[in-house]
Amino acid sequence: MRIAIIGQHRFGQAVLEAFFARGDEVAGVFVAPEKKGAPPDALRLSAQEHKIPVFQFDSLAGKEAENTLRGLRVDLGVMAYVLQFAPQHFVNIPQFGTIQYHPSLLPKHRGPSSINWPIVCGETETGLTIFRPTDGLDEGPIILQEKIAILPDDTLRDVYHKQLFPMGVNAMLAAADLVVAGKHQEIVQDEREASYEGWFRASEARINWNTHVSMIYNLIRGSNPSPGAWTTLAGEKVSFLDARKVLFFVLPRGNLPVGTIVSIEADRFRVVARGGYIDVLSVRGEGGKVMSAVEYVYLNDLRPGSRFGDLDATCAI
């Protein structure tokens, strides 16, 4: 088939490479312009390596983008990690329309951070959806869905890079084949089941030590590696990356404030929270350096009794 890819970054690159490898003709690639100082976009570089025309429009809603796509005369548009708004008059241009990837089980978790939120909310499954883009955000009819389990210790890295990323590339190929062959079905999303969450950024990833240990642990898992669930130590920001949760089965001795280090071991330090402990294995310091828990302990001269979080949050366990 002859396609146009609209996308960005490594996922867009992987989708391009997959179509190209099996012999489909990629007539053109639409990539959002890189911001000043940002690293080169992986999809753009891959397209240029394969000598595929690259188009970088500030907006896909204008006549220039529309006329460019129309001139490519493609069978299908393929949207792979798209942050630009693609209006209906643009996505309807290809002979068989356009398909789009979204990393959640639509209509649940519409929005740009749909991988973080299910983990942070403690959900036990998520998945991916290939759908028809409309002018509504992630609201178009569903063509294909696949579910995956979220295991109790799965992180954002586990769910996306190990599962939803490679599965998504294969799902794009499968959905494209179904659409071009006329063998697909389009299922209207049930608005009664719909949910939307906005961006999951650093402001959403701050640890509240007065919440339950399970909520803190889910926040850490859903933020690893980005943006990183963070707290403070002596006024400096630190993000907890790899960690484990340990529940209380009996009331511990003492009445330590939450956020306090209770022990330091060979590969971790243990922090008290409501209902249990967080065992921290690796961190990212304020300067951006990722290091082991042991290295962080050494650099900051930590010891049992050292405390994370706002010093006026004196609630005890």
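Throughout, read-outs are computed from the coordinates displayed, never taken from laboratory work. Every value quoted in this text rests on a predicted model; they were computed, and no experiment measured them.
With a Cα-only, solvent-free Debye model of segment 128-174, what are the log10 I(q)/I(0) values at q = 0.15, 0.27 Å⁻¹?
Normalising to I(0) and taking log10 leaves -0.47, -0.97.
What is the angle, in °, between the Cα long axis of helix 165-181 and the longest principal axis of the Cα atoms in the chain? Nearest 10 is fine, range 0 to 90.
Its long axis makes an angle of about 20 degrees.
Sequence-distant or interchain residues sharing an amide H contact under 5 Å with residue 62, placed H: which?
none
With springs only between Cα atoms under 10 Å apart, run a GNM on the chain and tell me which of 239, 59, 223 wobbles the most.
59
Against the longest principal axis of the chain, how steep is helix 63-72, in degrees 0 to 90 to the nearest 10, with axes from Cα atoms?
70
Determine the alpha carbon to alpha carbon distance for each of 36/108; 162/245; 108/289; 51/162 and list only those over 24 Å.
Long pairs (Cα-Cα over 24 Å): 36/108; 108/289; 51/162.
Would you kindly calculate the translational diffusion coefficient of the chain, applying Stokes-Einstein with the Kirkwood radius from alpha carbon pairs, for 10 °C and a viscosity of 1.306 mPa s, and quote it in µm² s⁻¹ without decimals? Write out the running numbers ahead of the final one.
Numbers: Rh = 21.5 Å.
So the translational diffusion coefficient is about 74 µm²/s.
Quick one: 3J(HN,Hα) in Hz for segment 109-122, Karplus 6.51/-1.76/1.60 with θ = phi - 60°, rounded, Gly and Pro as x.
6, 5, x, x, 10, 6, 8, 4, 4, x, 5, 4, 7, x
How big is the gap, in Å, between the Cα center of segment 93-138 and the Cα center of segment 161-190?
Here the two parts' Cα centres lie 12 Å apart.
222 nm [θ] for the chain, helices only, -39500 (n - 2.57) per DSSP H run of 4+, per residue, to 500?
-7000 deg cm²/dmol
List the lysines whose Cα sits under 24 Å from the Cα of residue 63, skipping any in the same chain fewer than 8 residues away.
In chain and number order, the partners are 35.
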